[in-house]
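No value in this document is a laboratory result; all are computed from the given coordinates. These numbers come from a predicted model, not from an experiment. Here the Cβ is made from the backbone with ideal geometry for all residues, glycine too, and neighbour counts use every protein chain on show.
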Amino acid sequence: MRLEPVVGDDPRDILRALRGALHGAGPALGLGLVSELPAEVRPGTAVVVTTSGSTGVPKSVVLSRDALTASAMATADRIGDGAWLLALPASYVAGLQVLVRSLVGDREPAILSGAFTPQAFAAAALMMVSTEGGERVPTFTSLVPAQLSKLLDAAAHDPSVLSALRSFERILVGGQALPAATLERAEAAQVRIARTYGSTETSGGCVYDGVPLRGVGVRIERGEVQVSGPTLADGYLDDPERTDAAFLRDRDGTRWYRTGDAGLFEDGVLRVRGRLDNVIVSGGINVSLDRVERIVRGIPGLAMAVVVGVPDARWGEASVIVASRGEALRRSEAVQLEEARSAVHAEIGAHARPSRLILVDELATLPSGKPDREAIRRAVVALH
């Protein structure tokens, strides 16, 4: 089967090509860094998504028609059918799935064009209002936490943005952990949120609010979250070694994806604790940067902060908080750093306390909207 790269990231071009790929009439789509990929893929492939990820290591994930469709149908099973607004890049899996759900539901998606702003989002959302048979058609969208935070900031003084947020039957939020403070703000504003967990390898979110979607299995093996079900990718294009390392098969034939995340799965609810490999060794003691970051984000003005590890002459490695000046409120850096250090000390211990707080004009992000942790880390190291 032929793999045809999609040049650029115009969502309308991707939508047209995706329609043929999902229905089996057209070639498979190549999204992202596809210039050096093979020209042929296995039959049944719909999309190959290539992304550098937050670590900077490229990977080309092969997604079949069956996997993408199963994901879209499981989402509808959980939250219902309706019309979708695309507010994320369509070349990344979360945005791609907005288009897939629209095609599976036989509805034309609304598309947010140009730069993401609260005003543009509100205008697009409020234009989606429609009825069928006298009943209002439910609307949905998918965002990353930084977008939701920006919208909530605007909604505090712009009624149209607040109305737009409230108009959605459900807003899926994923790509990274949603800070508790942001979730509380959304709930206080009566915005209906579903926190999603998943990756490109699982065709996007496969666990909503801790509960796996229909057909999705979750288990914990040696502290690692592993996922099974019909939404799994076929593997990595032209990379059998990486595929075999990430996708396991039980004796009974069940296929599992190793997420690399630490977590607990109790009473049918998944709690993700962060990346198993996002750990530094400070003073000879392992420190989970994800755990430190979760605590730091509970400090007022640091809800979207990123914690990275850097070399340290005394401790070997140390953690550093990087936050946006615009978010950090009118408080001194020294006060915020001390509050963060105290909170981390109380919950983890003195060895895990961040060494510095650095305020920047804007946090580096990937095109998907996630923090570009590797770029942020490099910038911090350069400051040293």
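Rounded to the nearest 10 degrees, the inclination of helix 145-155 to the longest alpha-carbon principal axis of the chain is 90 degrees. Taking only the C-alpha atoms of segment 106-223, Rg followed by Dmax gives 15.6, 53 Å.
Between the alpha-carbon centres of segment 125-203 and segment 68-89 there is a gap of 14 Å.
Taking N as the number of residues in the chain, what value does Rg over Cα atoms divided by 2.2 N^0.38 Å take? Let's see the in-between values first.
Numbers: Rg = 21.0 Å, N = 384, 2.2 N^0.38 = 21.1 Å.
That ratio works out to 1.00.
Looking at segment 65-147, none of the chymotrypsin sites (Phe, Trp or Tyr not before Pro) sits in a DSSP loop with at most 12 other Cβ atoms within 10 Å of its own Cβ.
Here the label points at Ser160 and Ser355, each 7 Å from Cα along the C-beta direction, are separated by 4.8 nm in the simple model.
What does the helix-only formula give at 222 nm for the chain: each DSSP H stretch with n ≥ 4 adding -39500 (n - 2.57), the total divided by the residues, and the result rounded to the nearest 500 deg cm²/dmol? The per-residue figure over the chain is -9500 deg cm²/dmol. Taking every alpha-carbon pair under 8 Å whose residues sit at least 6 apart, the chain reaches a relative contact order of 12 percent.
To one decimal place, what orientation-averaged projected area in nm² is obtained for the convex hull of the Cα set of segment 57-100? Provide the component values of the computation, followed by the final result.
Values: hull surface 14.9 nm².
Approximately 3.7 nm², given one-decimal rounding.
Distance from the Cα centroid of segment 338-361 to that of segment 261-301 is 14 Å (rounded to whole angstrom).
Provide the net charge surrounding Val137, with neighbours chosen by a C-beta distance below 11 Å and charges set as Lys +1, Arg +1, Asp -1, Glu -1.
Values: positive: Arg107, Arg136; negative: Asp81, Glu132, Glu135, Glu169.
Here the count lands on -2.
Ratio of alpha-carbon Rg to the 2.2 N^0.38 Å globular estimate for segment 65-154, to two decimals, please. Before the final figure, lay out each step's value.
Values: Rg = 13.3 Å, N = 90, 2.2 N^0.38 = 12.2 Å.
So segment 65-154 has a normalised radius of gyration of 1.09.
Rounded to the nearest 20, the size of the Cβ-charge dipole of the chain about its Cα centre is 460 debye, with Lys and Arg at +1 and Asp and Glu at -1.
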